[in-house]
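Each remark here refers to the structure printed beneath this line.
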Amino acid sequence: MKIILAVLLIIQVGLSSSFAQKELSGAVVHVNQKGRIEPVPFANIHWQGTNYGTTSDTNGLFRLAVPDDARFLITSFIGYQTDTVRITNFNKTVSIRLRKSSTSIGEVDIEYRQKSSQMSFINPLATITMSEKELFKAACCNLSESFETNPAVDVNFTDAVTGTKQIRMLGLNGPYTMISRENMPGIRGLGNAFGLSFIPGVWVNSIQVTKGVGSVVNGYESIAGQINFELIKPDLGEQTFANVFTNLGGRSELNLGHTEQISENVGTTLLLHGNTRFFEVDANDDGFRDFPLQNQINALNRWKFNSNKGLMGQVGVHFLKEEKIGGQTDAFIEDNQNRLDWMGPYRINIATESAEIFGKIGYVFSDFQYKSMGFQWSVKQHEQNSNFGSRDYDVRQRSGYANFIYQSIIGNTNHQFKTGASFVYDEYEEEFETQSFDRVERTPGAFFEYTLKPNANFTLVAGLRGDYHNLYGAFASPRLHVRYALSETLVARALAGSGQRSPTVLMERQSLMASARAFNFFGDNKNGVYGLDMEKAWNFGFNLSKSFTLDYREGSIQFDVYRTQFENQVVVDLENSYEVNIYNLTGESFSNTAQLQVDYELIKFLDVRLAYRWVRVQTDFNIGGVEENQELLQQPFTPEHRFFVNFGYATKKGLNQANWTFDLTAQWFSEQRIPSTEGNLLNNRRNDLSPSFSLLNTQVTRNFNKRLAVYAGVENILNFRQDNPIIDADNPFGNEFDASMVWGPIFGRNIYAGLRWKITKEKM
C-alpha cells in the first residue's frame, strides 16, 4: 500500500507541474537529387541558450520539451547546413528542411566514429542497442552467437550432443527472456529450444537488449528481460549482399540478400540462408559427435509500403527446414560393431519445418503526429519430429498472434498513452515417449500504458494489462518504469512489474532427453499443462548510467541491480541422477544480480569494455522428491561471478574507406554447482562444483572498401574444454547415461574465416 501511495504521489506531483510544460513535435527532412523528401535520422536538435535537446529517430521524427525561455530551435547534422528556426506556435508540428553543406568534403578532415553498442539516456527502459558494427565483431552466424561482446547476456551449450546454445539474462534460462522480432513474438513455445539458431546473424540490422520486465504493449511473458532484433529493411539495407563463413568444426554457411525499392512507395527484401555441417568432429574422443551433422535452408521475404501520407505497412513470409543427425560417430560404430548392444548405435535425429506469414499496418494522423494506430499479426506452423536414442519426441505447434495499438495524448504531449487489445492462439500436438500432451491455449488481453513526461529530466511509464487464459483463467500484469536525469550526464532508472508464463517445459528442455533420466511430473491442476500451474514472477530493478569525458575521449559507466522473485515457478529438479522431477515451487526461488560496466576509448581508436557481474540464483528443491524436505540451493550451471573485458581497435580509414579492425574478448567464469550424481557408480560421478575457467576469443577484419571485407578469428584460444561432458558415454542405453551435464565448452580451439560483400544503394 505504501508503494502504491508513493507512486500516486509522484504522479500527482508530476501532473501538477506538467501542465505548465509544453512539448514540440516535428520532423527533420531533406530533398534528394530526385526532388523527393526524405527523413534525416539522428539529427541534433536543441533550444538556443538551453540544455534542452534531443535527436531525431530513424524516421526523422522528434519530440522536445519546451522551456519557458525557448524561442529559437537549432538543428544540425554532419554534411548539412545548421538551421535556426524561430518557433511561435508550440502546438503545431514543425517540419525542418536541411540543406546540403556547400563546403567541399575534401576541404575538411572529419573523424567521427559511431559507437557500435550504446545505452540510451532518453529511454525510460535501460536499453542497450547493438548495431551491425557490433554484430560484426565476432563469428555471428545466428542469434545465439550474437552476444559474445555483450556482458549482459550469457551464452552456453545446453548439452554435449545437439550443438544447441541458449542465452541467459539475470541468471535465468532463456525462456524467461522475451525474444521478439521488431516488437512481435519471435521465439516462443517450440522455438525455445532451437529457435535462436533459426535467425541468421547477418539478417539482423540491430538488437535491443532490455533487462527486467518490458512494456505491457508487447505482452505478459517477459520476466528477465526482452531481446528485440531488427531485420534488414527494404529502405535501410544494401541492394545486394553476400556472406560466406566456414570453421574447423565442420560448419559452412552462405547468406544472400537483396533489397529493392520497387517504387517511391514500395520496397522489398529477400533474405536467403543455407548452412551445412558435412563432416563429424569428436575432439574429446568419447565416441560422440561434438556437433550433429546438419543441413538448414532458411528464407524470408517481406514487402514494405509507405504512402508518405501517414499510412504504412508490411507483409512477409518466412520458411525454414532443418535436419540434424547426432550421436555416436561413424568411426566409433565401425570400430565397435561387435560390441554394440542389440539396440545398435545411439542416434539423435531432429527434423524441423517452420512456415510463417506476418504483417503490420499503421497510420499516423498527418495533423496530429502524436496520434497513431497500428495492427500487428502473424500466423505460424512449426513442426519437429525427433528421437534421442530410444526416445521419441514429436510436436506440432500452430500459433496465431494479433495486437492492436492506439496511441495519443491527454491534453498535451506531456501526457501520452497507448492502449489496445491482443490475442494469442497456440495449438500443440505434443507426443513424448508414450505420453500425449495435446492442448489448445487461447489468451485474449487488453492493456493501457500511460507516459508522464513533464520535462526533459523526468519520465514515468505506468502500464497495466489484463489477460484471460482458457486453461488458467484471468490474471493482471502491472508494470512501472521511472527515469530521472540527475544531470545531463547522469540518469537513474527504476522498474517494477510482474510476468507470467504457461509451462512449455518439454519443448524448452529437450537437452534433458539426451539422457537416461525418467521424466516425472508432479502437479494436481487437472486443467493445467502437464498438470502444472502457470508461472508467475515479480521483477524489480535499478539502473544508474553515467557518461563522461576523460582526456578528450568519451566513456560511460553502467551500474544495475535486479531481483526476480518467483511465486509459482516450474522447477526442473535434477538432484536425482536418474530422474527429472518437474513440479511447481512450494518454497522460495529468486535471482539477485548486480553488474558494473565501463566503456571508454582508452587511446585513439582503441575501445575497451570492462564488466563484472555477480549472480545468485537460488531455489528450494524437494530433496528426494519430498516437499517437506526442501533445501535452498544455487541453480545448477550458474556461475556466481563473471569478469568480462573486450578490446576493439580500428585503424584510420584510408582510400575507399579501407582499414583493419581487431577485436579481443576475454571472460572468466567462477565455479558452478553441478546437480548431485551421488547415486551413480563411482566412475560416473561428478564433483559438486565445476572448476573456474577462462575463455579468449579474437577476430581480425580487413575492409578493402565499403563493399568487400574478409575476416578470420579464433574462438577459445586457450583451448579449454570440459572433461568427459557425457556421463557413461560407453553405455548410452544404460541407466546412468547423461549428455546434459554441461557447464563449459565441449569443443576446444576453433578457427573460422569468412567474407562479406555488398553493393550499397546509390546515394541520392
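Values in this text are rule-based calculations from the coordinates and carry no lab data. The shown structure was predicted, so the numbers you read here are calculated from the model rather than taken from an experiment. So basically every Cβ, Gly included, is an ideal-geometry build from the backbone, and we count neighbours across all protein chains shown.
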* To do: May I ask you to evaluate 6.51 cos²θ - 1.76 cosθ + 1.60, the Karplus curve with θ = phi - 60°, for each residue of region 440-456 and list the ³J(HN,Hα) values in order in whole Hz, giving x for glycine and proline?
  => 10, 10, 10, 9, x, x, 9, 8, 9, 10, 10, 10, 9, 9, x, 7, 6
* Projected-area average for region 636-764 over all orientations - Cα convex hull basis, square nanometres -> 11.8
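Among 727, 74, what is the fewest-to-most ranking by other Cβ atoms within 10 Å? Provide the component values of the computation, followed by the final result.
On the way: 727 24, 74 16.
Result, fewest neighbours first: 74, 727.
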* Asked: When 686, 553 are ordered from fewest to most other Cβ atoms inside 10 Å of their Cβ, what list results?
  -> 553, 686
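Counting other beta carbons within 10 Å of each Cβ, put 145, 508 in order, fewest first.
The order, fewest Cβ neighbours first, is 145, 508.
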* To do: Please report the base-10 log of the normalised intensity I(q)/I(0) for region 300-392, using a Debye sum with one equal scatterer per alpha carbon and no solvent, at each q in 0.18, 0.24, 0.26 (1/Å).
  => -0.88, -1.13, -1.20
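Which order do the peptides 283-295, 462-474, 671-683 take when ranked by the mean count of other beta-carbon atoms within 10 Å per residue, highest first? Write down the numbers at each step before the final one.
On the way: 283-295: 19.5, 462-474: 16.9, 671-683: 15.3.
My ranking of the peptides, most packed first, is 283-295, 462-474, 671-683.
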* To do: Count charges around residue 366 for me, please; just the other residues with Cβ under 13 Å from its Cβ, Lys/Arg as +1, Asp/Glu as -1.
  => +2
* Structure fact -> Rounded to the nearest 500, the 222 nm mean residue ellipticity computed for the chain from DSSP H runs (n ≥ 4, each -39500 (n - 2.57)) alone is -1000 deg cm²/dmol
* Could you check the simple spin-label distance between residue 266 and residue 38, using points 7 Å along Cα→Cβ, in nm with one decimal? => 2.1
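Would you work out the relative contact order for the chain, in percent, from Cα pairs under 8 angstrom that are 6 or more residues apart?
About 10 percent, as a whole number.
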* To do: Enter the angle in degrees (range 0 to 90, nearest 10) between the Cα long axis of helix 2-18 and the first principal axis of the Cα atoms of the chain, meaning the one along which they spread out most.
  => 20
* Structure fact -> The answer for the net charge of residues other than residue 299 whose Cβ lies under 13 angstrom from its Cβ, with Lys and Arg +1 and Asp and Glu -1, is -1
* Given 360/380; 233/546; 546/652; 309/371; 133/211, the pairs whose alpha carbons are separated by over 25 Å -> 233/546; 546/652
* Quick one: Debye curve from the alpha-carbon atoms of region 489-558 only, equal weights, vacuum; give me log10 I(q)/I(0) at q = 0.14 Å⁻¹ to two decimals. => -0.69
* Structure fact -> Binned at 20 Å starting from 0, the alpha-carbon pair-distance distribution of the chain in whole percents comes out as 15, 50, 30, 5, 0
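Can you tell me the order of 149-155, 393-399 when each peptide is scored by its average per-residue count of other Cβ atoms within 10 angstrom, highest first? Working shown, then result.
Details: 149-155: 21.9, 393-399: 18.4.
Descending packing order for the listed peptides: 149-155, 393-399.
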* Structure fact -> Expressed to two decimals, region 187-282 has a Cα Rg over Rh, using the Kirkwood radius, of 1.06
* To do: Please report the orientation-averaged projected area of region 408-543, defined via the convex hull of its C-alpha atoms, in nm².
  => 11.6
* Structure fact -> Around residue 76 (Cβ within 14 Å, Cβ-to-Cβ, excluding residue 76; K/R +1, D/E -1) the net charge comes to +2
